[in-house]
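Values quoted throughout were computed directly from the atomic coordinates according to the rules given, and no laboratory measurement underlies them. Remember, predicted model here, so these are calculated numbers, not experimental data. Reconstructed Cβ throughout: ideal geometry from the backbone, glycine too, with neighbour counts over all protein chains shown.
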Amino acid sequence: MKGLPSKMAAVVLTGHGGLDKLVYCEDFPVPDPTPGEVLIEVAACGLNNTDVWVRQGAYGTDENPDAVASWRRNASQETLTFPRVQGTDSVGTIVGTGSDVSAERLGERVMVDFSIYNDDGDSLADIDYIGHGRDGGFAEYLVVPDENAHVVDNDLTDAELATFCCAYLTGEHMLDRAQVQAGERVLITGASGGVGSGLIQLCRARGAIPYAITSKAKLEAIKALGAEAVGQVQQRLVVR
């Protein structure tokens, strides 16, 4: 696109295996947005367990748990091809738009919803994600569907925002599927992890009441996040 480089730095996954399968290069093509897409200059991209397990091929299959397989697990539904730029949890600025996307989006600071929705359902069998089925944010630029780029306007740094995407979206999907309503109580185990700590705040945002379980060292921190009460791991709890 006009005014933008044709090549970029990227970390490229070349196959399943160890860290040797990740190759840093400085001449990877900058993608062009097609209709319905935007080009983002990446400011930060988080690393989560899915990136690691996909690289390792650690998901197995129903027939063979030890088989080398990526997130989709079923070879007939595989969307991962190599080379692939991973990176799901991306934050950056829109610097290019597809032909049918408003140029008013240029300059927006955005967080990327990494999910690729293939239909209107919420089954994981029908969802792929950016960094797996298409290139992600371990690069200077990435292209995503226009609807996946959400404007953010706050004082958090780019690096801080890049810790939200996978954990908080996972937590929000959990609450949606459980149809959690205002006033209901929710018990959150592993509350100090990314998803758990996000769930505490997301419960409060919808008016639900979060109760949490965590380790002794993190009791006060989890209470400060908004948990109604916090129990310690392996502590006998009675809820009345």
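Work the Kirkwood hydrodynamic radius out for region 119-213: mean of 1/r over every pair of different alpha-carbon atoms, inverted, in Å.
15.2
Rank-order 86-98, 43-55, 16-28 by packing density, defined as the average count of other C-beta atoms within 10 Å over each peptide's residues, highest first. Please report the intermediate quantities before stating the final value.
Numbers: 86-98: 23.5, 43-55: 18.2, 16-28: 12.2.
My ranking of the peptides, most packed first, is 86-98, 43-55, 16-28.
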Task: region 89-193: chymotrypsin sites (Phe, Trp or Tyr not before Pro) in DSSP coil with no more than 14 other Cβ atoms inside 10 Å - done: none
- [ ] Count the net charge of all other residues whose Cβ sits under 11 Å from the Cβ of Cys45, scoring Lys and Arg as +1 and Asp and Glu as -1.
- [x] -4
Open item on the list: Based only on other Cβ atoms within 10 Å, what is the fewest-to-most ordering of Met111, Met8?
Closed with: Met8, Met111
Open item on the list: Can you compute the FRET efficiency between Val152 and Asp66 using 1/(1 + (r/R0)^6), with r the Cβ-Cβ distance and R0 = 35 Å? Round to the nearest 0.05.
Closed with: 0.30
Open item on the list: Using helices alone, I'd like the mean residue ellipticity at 222 nm for the chain: each DSSP H run of four-plus residues gives -39500 (n - 2.57), total over residue count, nearest 500.
Closed with: -5000 deg cm²/dmol
Task: Simple label model, 7 Å out from Cα along Cβ direction - Gln181 to Leu106, nm - done: 4.9
Task: Label-point separation, Tyr24 to Ser6 (7 Å along Cα→Cβ), nm - done: 2.5
Open item on the list: Taking loop as defined by DSSP and a crowding limit of 16 other beta carbons within 10 Å, which trypsin sites (Lys or Arg not before Pro) in region 112-213 fit?
Closed with: Arg206
- [ ] Starting from the Cα of Glu172, step 7 Å along the direction of its Cβ; do the same at Thr189; then give the gap between the two resulting points in nm.
- [x] 2.6
Open item on the list: Can you return the aspartates and glutamates within cross-link range of Lys21? Criterion is Cα-Cα under 17 Å, with same-chain partners fewer than 8 residues away left out.
Closed with: Asp51, Asp135
TODO: For Ile188, enumerate residues with amide H under 5 Å from its amide H, sequence gap 5+ or separate chain, H modeled in the peptide plane.
DONE: Tyr211, Ala212, Ile213
